[in-house]
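Contents: one structure, followed by commentary.
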Amino acid sequence: MDIKPKLVKELIEERTIDEAAREVMAKAIEDGIETVWDRLEAQQPQCGFGQLGLCCNRCAMGPCRISPFGETGPTRGVCGADANVIAARNLLDDLLVGAAAHSDHGREVVEVLLKTAEGKAQGYEIIDEEKLKAVAREYEIEVEGRSSREIAKDLALAMLEEFGTIKNKIQFAEVRPPEKTKETWRNAGIVPRSVDREIVEAAHRVHMGVDSDYVNILLHALRTSLSDGWGGSMMATEISDVLFGTPKPVTSYVNLGVLKKDMVNIVLHGHNPVLSEMVVKAADEPELIEYAKKMGAKGINLVGMCCTGNEVLMRQGIPIAGNMLNQELAIATGAVEVMLIDYQCIFPSITKTASCYHTKVVSTSEKAKFPGAIHMEFHPENAYDTAKEIIKLAIENFPNRDPNRVKIPNKPMKMMAGFSVEALKSALGGSFKPLIDAIVEGKIRGAAGIVGCNNPKIKQDYGHVTLAKELIKRDIIVLETGCAAIASGKAGLLLPEAAELAGEGLKSIVTALGVPPVLHMGSCVDCSRILVLAAELAKTLNVAISDLPVAGAAPEWYSQKAISIGAYFVASGVFTVLGLPLKVYGSKDVLNLLTEGVEGVVGGKFAIEPDPIRAAELISAHIEKKRKELGI
Amino acid sequence: MKTVFVHPEKCIGCRHCEIACAVEHSRSKDIFGLVTESPPPMPRIHVEVGVDLLTFPNRCRHCDPAPCMQVCPTGALYRDKDTWSVLVDYEKCIACAMCAMVCPFDIISFHRVWNVTFDHEVNAKCDHCIERQMRGEIPACVEACKTGALEFGDANDIIRNSRRDFTLRTTMALKGEAAPELPESISQFREVMKKVTKLGPLG
């Protein structure tokens, strides 16, 4: 066995398929920068109790762990919880964190809408009045003869009420899903009642001596996820559209090569676009551009990272430097003046990375502070001023850049993004009928959503890109969000030319429409767009979402948010393949329920399959089965 | 002869044994001593990753004859006749590492310990928890292991039990009955993780 220290070349090849990232990674290794891959290695072996879901560290009678091998060790925690209860509670605990992350993001966007409606938000306006009215109608808010601000205020208040409501329903979950899908929820008793309520109740249920029936725990996990997908996340998507515009197809560039040598580079990293949208707006201010020139730069270059990057890419065409595993490498280019962070998926060590270069990390959320960062807090009341201050800080940091330590890859990849449901409908000529016809005819066999994160355990982007290629080859159209979409962008799959990689049927359709075979639908909260699309198709055909020839996948997931997304896909009736295991293998019953039994309840289920080629086979087989059942 | 027998298929890499070992060999015998004591207590058992993310808890096997004892130039290594353990007299150890060079298991490493007069690094290997054994207790690593990967007892007794188990499974298999050595979902998990190692840096 080879135990020689690995060569730099070997290291970069096993860590990522992103060529631009490989170039910078080699520099980072030479610079002696610690990255996520080093930390993963240092963590080996990772605790088996944790991986199997058999560790419970909730109360002070513990921590407890259950032996995965039965009677050779303890079979119950001090409280009496067995493997089923502990694994199920752990899963619910992870899921509630994910649902909370999405939904708290959604709440913040809705609060900005409220402030905008009240004239108290600096720099914000209602950009998409049509969408405002459409959503307001779904909320049964009067729109005729009323000003946008009046409607927006009522809508914002109606949505905010649904976070902790006493009305016991979430409007989107009432009016948007197909009747047959809602019926499965009613039968299972998992209709979401409010966003915060499901999350708080989940936190309650994992307390010792509350829910001790793993089936009941998992049902509530599904309900909590629905309050995210059809609640908090969907509000984040829709209200971001109202405030900043509903995405339309847009061409831009992706990978670390979007950083520019002669310009002030600002990376917009995190998930919530509310402040970054103001930065995008302020970067056009002539005084700031002049200031940048005065400080020796040719101008200001904004680039995105992770889902804040996806948000400003979708709506403003801002180039995107990469996905989750690119964040340290962006700094290691030596060319980033400011990394603006809001929240989620930002490495807690990012300021340590930045301290090796001239990069300033600017934290902007009261709930996400990073020691070593400059904190410039976001408030809607003065957001535009804050945005300008952050740009100024970046400009003033430009002279501190050491040109001898700069390495920017020179081949940014062209990409198309901006496929909101509305944009897709419009590309299809105003109705989904052409898409449905293509599916019925069999030119398109079905659709698959590939979503979710990067995880350093899997070679960066390999899972996403391989799966997407395998699916389009099989005439399955691919809808993407989050890190997955960025991965496909870097690999050139988000271009109309990628149709060449698709099967004949899919190729003919996407070529006629002039769109890529893999469609970038947004950030991770925009997985809600995939739900809306699936619901539209199901309603047109008068079937449940679970009857459609569709599937989901998260080939490189790491985050609790991905668990919530996966669960709301499953609960909405979608077969969902995960590339890394859920932490439940310590309980055969929990594993079986999630990968088999749940299908009989909600029509969807999980599968665990790391190999993307095998995952494509599973998805394809599922789609063909559904086609057969539909008689097409 | 009592030994700590390893059932590697049951090791899940939790490293509880390492923590318990470090605590047992600390001055305070308290887990919080791990962060407050100087010198910092170190484990004498090591859980490391091999192929497919499988792990093996590696510790002194207390060999007989013990190569380390044979080569020690100062006679710092000696055998305790009651427990048949190979022990180190820290006062005599000169940290020359001859013992480490000949150790078939590569488990000898050098650390500062609290119980030596002259503060220097010594062969701080497993002492078979001899103090615990004197009190009639089992070694700390075995007590901490909740999966049954570490078992303390007479080697022949342990092997006999394993052999009975093997015979049972083999005869069940001959009858066409499922007789997995490990629970099904655990084997499935290992298969999944084996695939993961093929897809990234963990391989």
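No value in this document is a laboratory result; all are computed from the given coordinates. All figures in this text were calculated on a predicted structure; none of them were measured in a lab. In this analysis, Cβ positions are derived from the backbone assuming ideal geometry, glycine residues included, and neighbour counts consider all displayed protein chains.
Data overview
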item	result
Per chain B, cysteines lacking a partner by the 4.7 Å Cβ criterion	B:Cys11, B:Cys21, B:Cys63, B:Cys72, B:Cys93, B:Cys96, B:Cys103, B:Cys129, B:Cys145
For segment A:549-595: rounded, prolate or oblate by the Cα gyration tensor [a/c cutoff 1.5]	oblate
Net charge of Cβ neighbours under 9 Å - reference A:Gly418; Lys, Arg +1; Asp, Glu -1	+2
DSSP-defined antiparallel bridges as percent of all bridges, chain A, nearest 5	20 percent
Neighbourhood charge, 9 Å Cβ-Cβ cut-off, centred on B:Leu182 and excluding it, Lys, Arg +1 and Asp, Glu -1	-1
Segment A:115-149 versus segment B:163-202: alpha-carbon centroid distance in Å	59 Å
Size of charge dipole - segment A:479-543 - debye, nearest 20, with Cβ of Lys, Arg +1 and Asp, Glu -1, no other charges	140 debye
C-alpha center-to-center spacing [segment A:506-554, segment A:379-452] in angstrom	18 Å
Positive-end residue of A:Gly231, A:Ala28, A:Pro45, charge dipole of the protein assembly as shown with Cβ unit charges	A:Pro45
Ranked list, fewest to most other Cβ atoms within 10 Å of each Cβ, for A:Phe347, A:Phe569	A:Phe347, A:Phe569
Reachable lysines from A:Lys628, criterion Cα separation under 21 angstrom, eight or more residues apart if same chain	A:Lys180, A:Lys433, A:Lys443, A:Lys473, A:Lys539, A:Lys605
Alpha-carbon centroids, segment A:4-31 and segment A:209-225: separation in whole Å	43 Å
Highest average packing first - A:106-113, A:269-276, B:54-61, Cβ atoms within 10 Å	A:269-276, A:106-113, B:54-61
Residue-averaged 222 nm ellipticity for the protein assembly as shown, from DSSP H runs of 4+ at -39500 (n - 2.57), nearest 500	-13000 deg cm²/dmol
Contact order relative to length of segment B:60-125, as percent, for alpha carbon pairs under 8 angstrom and 6 or more apart	29 percent
Segment A:13-131 shape via C-alpha gyration tensor axes, a/c threshold 1.5	oblate
Lysines with Cα under 16 Å of A:Lys369, excluding same-chain neighbours fewer than 8 positions away	A:Lys352, A:Lys360
Tilt relative to chain B, helix B:155-174 - C-alpha long axis, 0 to 90 degrees, to 10	10 degrees
Net charge contributed by nearby residues that have their C-beta within less than 13 Å of A:Pro192 (K/R +1, D/E -1)	+2
Computed FRET value (nearest 0.05) for B:Ala95 with B:Leu168, which takes r as the C-beta separation and R₀ as 35 Å	0.10
Neighbouring partner chain Cβ atoms per residue of A:42-55, average, 10 Å criterion	5
For segment B:24-175: lysine pairs under 26 Å (alpha-carbon distance), excluding those fewer than 8 apart on one chain	8
Selection from A:Ala607, A:Ala554, A:Val574 lying farthest towards where the dipole of segment A:538-627 points positive, charges on Cβ	A:Val574
Straight-distance crosslink candidates among aspartates and glutamates, where the alpha carbon sits under 14 Å from A:Lys425 and sequence neighbours closer than 8 are dropped	A:Asp437, A:Glu536
Cut-off under 5 Å, modelled amide H: who pairs with A:Arg474 long-range	A:Gly503
Rounded if a/c under 1.5, otherwise prolate or oblate - segment A:272-394, Cα gyration tensor axes	rounded
Burial ranking of peptide ranges A:571-583, A:48-60 (average Cβ count within 10 Å, highest at the top)	A:571-583, A:48-60
